[in-house]
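The values are calculated or read from the model by the stated rules, or taken from the named source; none is laboratory data. Since the model is a prediction, treat every value here as computed from it, not as a measurement. Cβ: placed from backbone, ideal geometry, glycine included. Neighbour counts: every protein chain shown.
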């Protein structure tokens, strides 16, 4: 798993690549928590390069969405979600908790 | 035609990748498409993660065995551990429809396993430990 973050005027894009499972999810959580500590609560998770995500990754997304939406200070949105991962997110009922965009540019435009 | 793959792993999350690779080989051999192969990988990963997290309480010094059998279009995955009893077939279904604040993350992996696989069984005995069996049949047949 690889995480690259990029700062935009109204939000931050977190590109997560490779595979997020129980082994790598703690690192993903820490990256998201670090952004919150910096006062960054408007986050786009760009999944274009994501190959795999288990429920350990979903757990990180849920925690981040709770933290970001608190006090209406922000939101986590998803961009470029690969078909397989979208299907698993749907099974878990997660697609209704996150706005999803076809690409990160339109997600950035949402903020 | 029947083939069997067997491996023993330490209870370390770092092994999840090899587990996903092994079951993917079996799924492809059974003629499963990429979506079905992903389902089998996700189910095996979630099941092995549960063994490490619950049966061995996150300790890396345990061991578990994986056996993966292909019979025509049918893939059978058997996971066997000697840790604490964690019967996934008795885990409560998580809330997958409520508001953000009502969602709980526990049970999500188990829920995915039940949704992705056709059959899931759990057996436990003091002598032989815990055995989880999961079956999926490929749509294409063979």
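Table for the structure above
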{"read-out": "Output for the range B:96-113, where each listed residue is more than 8 Å from chain A (Cβ to nearest Cβ) and touching a helix residue (DSSP H, G or I) at 6+ places or on another chain (Cβ under 8 Å)", "value": "B:110, B:113"}
{"read-out": "Test result for residue B:48, modelled with pLDDT of 95 or more and within 13 Å of chain A (Cβ to nearest Cβ)", "value": "yes"}
{"read-out": "For residue A:32: the one exception among (1) outside any helix (DSSP H, G or I); (2) crowded, with 21+ Cβ neighbours inside 10 Å; (3) in contact with a helix residue (DSSP H, G or I) (Cβ under 7 Å, 6 or more places away or on another chain)", "value": "(1)"}
{"read-out": "Residue match in the range B:29-42 (condition: surrounded by 19 or more Cβ atoms within 10 Å (Cβ to Cβ) and farther than 19 Å from residue A:19 by Cβ)", "value": "yes"}
{"read-out": "The range B:53-81 residues that are touching a residue at least 60 places away in the same chain (Cβ under 8 Å), paired with ones that are surrounded by fewer than 21 Cβ atoms within 10 Å (Cβ to Cβ) and in a helix (DSSP H, G or I) (beta carbon under 6 Å, 6 or more apart)", "value": "B:70/B:29"}
{"read-out": "Test result for residue B:4, more than 14 Å from chain A (Cβ to nearest Cβ), more than 15 Å from the chain's Cα centre (by Cα) and part of a strand (DSSP E or B)", "value": "yes"}
{"read-out": "Boolean, residue A:17 is surrounded by fewer than 18 Cβ atoms within 10 Å (Cβ to Cβ), under 12 Å from the mean Cα position of the chain (by Cα) and either away from every other protein chain (no Cβ under 14 Å) or more than 18 Å from residue A:87 (Cβ to Cβ) (or both)", "value": "yes"}
{"read-out": "Verdict on residue A:88 being in a helix (DSSP H, G or I), on the phi < 0 side of the Ramachandran plot and under 12 Å from the mean Cα position of the chain (by Cα)", "value": "no"}
{"read-out": "Out of B:66, B:79, B:116, sole residue that is within 14 Å of chain A (Cβ to nearest Cβ), buried (at least 16 other Cβ atoms within 10 Å of the Cβ), within 23 Å of residue B:21 (Cβ to Cβ) and within 13 Å of the chain's Cα centre (by Cα)", "value": "B:116"}
{"read-out": "Number of positions in the range A:63-81 that are part of a loop (DSSP other than H, G, I, E, B) and surrounded by 16 or more Cβ atoms within 10 Å (Cβ to Cβ)", "value": "3"}
